[in-house]
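Have a look at the structure below, then the notes.
The values are calculated or read from the model by the stated rules, or taken from the named source; none is laboratory data. Keep in mind that this is a model prediction, so the values were computed, not measured. Neighbour counts run over all protein chains shown; Cβ positions are idealised from the backbone, glycine included. When the accessible area is computed, the model is the full protein with side chains, heavy atoms only, and any ligands, DNA or RNA have been set aside. Shrake-Rupley method; radii C 1.70, N 1.55, O 1.52, S 1.80 Å.
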Amino acid sequence: RDVERSAFRIRQMNELGFAVLAIEYRGFGRSTDELPSEASVAEDARAGWAWLASKAAASDRYIFGHSLGGAIAVRLASEVPDAKGLIVEGTFTSIPAVFETMAWGWLPITPLITQRFDSADRITQVKVPVLVVHGDADRLIRPALGRELYERASAPKRFVLVEGGTHYNTNGRGQQQYRQALRELFGLGA
């Protein structure tokens, strides 16, 4: 989404040993005034992945996404053949599912949601190891949605629930759990 507001998360991923290419999708941050859509952000993610592949083809490359970026990451991982793994944090199965967890989720408007970001179906197409991380105190995207996404993923996979993790601090609070999961699932940091 907005790279500036994610700078702390980028630093935390660096601390875990990753070099990070962060993408500011159309319609977010300083990119453009264009109204974002599911199709345009998916196109931006593929363009970023292609650029990274041209610069670091011999390196292991992982796809990471937080929140809405998690849905974009799931889609990208389902479409590219050269990812080493997928890491999503504080993400969901679909936008309608998120809406249904909110106070007004009983309203019958989910059929009207056009930007669905349906990760529940796409995660079944991901062929690389999947790490799903969620904070147990996340009130924006309920941990049950992250757990459901994990359940739909193929093995090898790992679910990490960070105690006290909110939608915004899970990465920082869960650094030790991240390290362990990265080591066990991807063989990183061993």
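When ranked by the protection proxy of mean other Cβ atoms within 10 Å per residue, highest first, what sequence do the peptides 104-112, 118-126, 55-63, 156-164 form?
Numbers: 104-112: 9.7, 118-126: 19.2, 55-63: 13.7, 156-164: 17.4.
Final packing ranking: 118-126, 156-164, 55-63, 104-112.
Cut-off under 16 Å on the C-alpha distance; same-chain residues fewer than 8 positions from residue 127 excluded. Which lysines are left, in chain and number order?
Within the straight-line cut-off, residue 127 pairs with 84, 157.
Ranked from highest to lowest mean number of other Cβ atoms within 10 Å per residue, what is the order of the peptides 91-99, 136-144?
Details: 91-99: 21.8, 136-144: 16.2.
Final packing ranking: 91-99, 136-144.
At 0.36 nm per residue, minus the direct Cα-Cα distance, what do residue 183 and residue 84 gain on full extension? Give it in nm, one decimal, please.
Fully extending the segment from residue 183 to residue 84 adds 34.3 nm.
Taking a probe of 1.4 Å, how large is the accessible area per residue of segment 78-176, in Å²? It would help to have the intermediate numbers written out before the result.
Numbers: 4830 Å² over 99 residues.
Averaged over the residues of segment 78-176, the accessible area is 49 Å².
Using a 1.4 Å probe on the protein chains only, how many percent of the accessible area of the chain belongs to carbon and sulfur? Don't jump to the answer; show the numbers that get you there.
Numbers: 5140 of 9760 Å².
Percent of accessible area from carbon and sulfur atoms in the chain: 53.
Could you compute Rg(Cα) / (2.2 N^0.38 Å) for segment 1-107, with N its residue count? List each step's numbers first, then the result.
On the way: Rg = 14.7 Å, N = 107, 2.2 N^0.38 = 13.0 Å.
Here the answer is 1.13, to two decimals.
By the gyration tensor of its Cα atoms, with a ≥ b ≥ c the square roots of the eigenvalues, what is the shape of the chain: rounded for a/c under 1.5, prolate for a/b over b/c, or oblate? Don't skip to the end; give the middle numbers.
Values: a/c = 1.45, a/b = 1.16, b/c = 1.25.
Rounded is the answer for the chain, as its axis ratio a/c remains below 1.5.
Taking only C-alpha pairs under 8 Å that are 6+ residues apart, what is the relative contact order of segment 46-190 in percent?
Relative contact order comes out at 20 percent.
Could you pull the Rg and Dmax for segment 97-181, using just the Cα atoms, both in Å?
Final numbers for Rg and Dmax: 14.2, 42 Å.
Suppose R0 equals 45 Å. What FRET efficiency, 1/(1 + (r/R0)^6) with r the Cβ-Cβ distance, do residue 155 and residue 4 give to the nearest 0.05?
Values: r = 37 Å, r/R0 = 0.81.
My answer for the efficiency is 0.80.
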